[in-house]
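**Q** What follows is a structure written as structure tokens; I'll ask about it next.
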Amino acid sequence: MANIAASLPNLTSLNQKRAKLGEKRLKISLISTAISMIDSDYQKRGELAHPQYYHYAGNLENLAAGGNPVTMWLGEKANWKWDVKKTPSLARYQFAPNWSNKKYTHAVLGTNGYKTAGHYTNVVNKNHRVMGMAHMTQSPDYGYVDAYNATNKGAKSAITLTKYRALVKEWLAKKG
């Protein structure tokens, strides 16, 4: 129960940061939340790794361990700026990824002389409409892990963060 409640401040922070960047606030997808729960639980294996055993269309995943996840992911903005300085044509992809562009892929993954920036570009992706996030406190190597999943699919069934927060608080009060 505490892990579900622990994700609420991060969801709020992420939406606030997106709004400051001029991006839409994301709604909460229960599917993306479930995927995030699976992703964070997967980390109990003792290795921070992307599970990659499900295929949900348009889904992008971030993982963070041992710190404020939103701050960590947005901290890659400096890497993105460095990558764009190296290859100015990447600038147009900051808010709209282009995975078919090899230079973009190298930049976000931090390969071929680029610095990792994919967590940042996932958070600011203007195509995303919904997100889910989960927190897990039992990682043997990292203490805790946060998982974030976002996609442009499922907006019709998504709920606002305000409604999600109310549902979580109601559920926690019943379990109390």
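**Q** Just to be sure I understand, how many residues within segment 9-32 are open to solvent by 10 Å² or more (accessible area, probe 1.4 Å) and in a helix (DSSP H, G or I)?
**A** Residues meeting the conditions: 10.
**Q** Can you give me the number of residues within segment 78-90 that are surrounded by 13 or more Cβ atoms within 10 Å (Cβ to Cβ), under 20 Å from ASN127 (Cβ atoms) and without any contact (Cβ under 8 Å) to a residue 40 or more places away in the chain?
**A** Qualifying residue count for the region: 3.
**Q** Now a separate question. Given the condition among the polar types (S, T, N, Q), open to solvent by 50 Å² or more (accessible area, probe 1.4 Å) and free of Cβ contacts under 8 Å to residues at least 24 places away in the same chain, answer yes or no: does some residue in segment 146-169 qualify? Walk me through it before giving the result.
**A** Restricting attention to segment 146-169, the residues satisfying the condition of being among the polar types (S, T, N, Q) are 149, 151-152, 157, 160, 162.
Next, from what is left, pick out any that are open to solvent by 50 Å² or more (accessible area, probe 1.4 Å): 152, 157, 160, 162.
Next cut, free of Cβ contacts under 8 Å to residues at least 24 places away in the same chain only: 162.
Yes: segment 146-169 contains one or more residues that are among the polar types (S, T, N, Q), open to solvent by 50 Å² or more (accessible area, probe 1.4 Å) and free of Cβ contacts under 8 Å to residues at least 24 places away in the same chain.
**Q** Pick out the one residue from HIS50, HIS55 that is under 14 Å from the mean Cα position of the chain (by Cα), in a loop (DSSP other than H, G, I, E, B) and at pLDDT below 85.
**A** HIS50
**Q** Then there is this: Identify the residue in segment 98-112 that is within 18 Å of the chain's Cα centre (by Cα) and surrounded by fewer than 20 Cβ atoms within 10 Å (Cβ to Cβ) and, among all such residues, is nearest to LEU21 (Cα to Cα).
**A** Checking each candidate, the answer is ASN98.
**Q** Consider LYS115 against the criteria (1) under 18 Å from LEU21 (Cβ atoms); (2) part of a loop (DSSP other than H, G, I, E, B); (3) open to solvent by 70 Å² or more (accessible area, probe 1.4 Å); (4) not polar (S, T, N, Q): it satisfies all of them except one. Which criterion is unmet?
**A** (1)
**Q** When the residues of segment 63-77 are filtered to those that are within 20 Å of GLN16 (Cα to Cα) and open to solvent by less than 30 Å² (accessible area, probe 1.4 Å), which remaining residue is modelled with the lowest pLDDT?
**A** Just the residues of segment 63-77 that are within 20 Å of GLN16 (Cα to Cα), to begin with: 63-64, 67-77.
Next, from what is left, pick out any that are open to solvent by less than 30 Å² (accessible area, probe 1.4 Å): 63-64, 67, 69-70, 73, 76.
Working: LEU63: 88, ALA64: 88, GLY67: 85, PRO69: 94, VAL70: 96, TRP73: 95, GLU76: 96.
Only one residue tops the list, namely GLY67.
**Q** From the list PRO69, PRO51, exactly one residue is free of Cβ contacts under 8 Å to residues at least 24 places away in the same chain and within 22 Å of VAL145 (Cα to Cα). Which is it?
**A** PRO51 is the lone residue from the list that is free of Cβ contacts under 8 Å to residues at least 24 places away in the same chain and within 22 Å of VAL145 (Cα to Cα).
**Q** Among the residues of segment 96-111, is any touching a Leu at 6+ places or on another chain (Cβ under 7 Å) and touching a residue at least 24 places away in the same chain (Cβ under 8 Å)?
**A** Checking segment 96-111: at least one residue is touching a Leu at 6+ places or on another chain (Cβ under 7 Å) and touching a residue at least 24 places away in the same chain (Cβ under 8 Å).
**Q** Please verify whether segment 26-42 includes one or more residues that are over 24 Å from SER157 (Cβ atoms) and of a type in the set (A, V, I, L, M, F, W, C).
**A** Checked segment 26-42: no residue is over 24 Å from SER157 (Cβ atoms) and of a type in the set (A, V, I, L, M, F, W, C).
The values are calculated or read from the model by the stated rules, or taken from the named source; none is laboratory data. Everything numeric in this text was worked out from a predicted model, so none of it was measured. Note that each Cβ is placed from the backbone with ideal geometry, even for glycine, and that neighbours are counted across all protein chains shown. Side chains included, ligands, DNA and RNA excluded: accessible areas come from the protein's heavy atoms. Shrake-Rupley method; radii C 1.70, N 1.55, O 1.52, S 1.80 Å.
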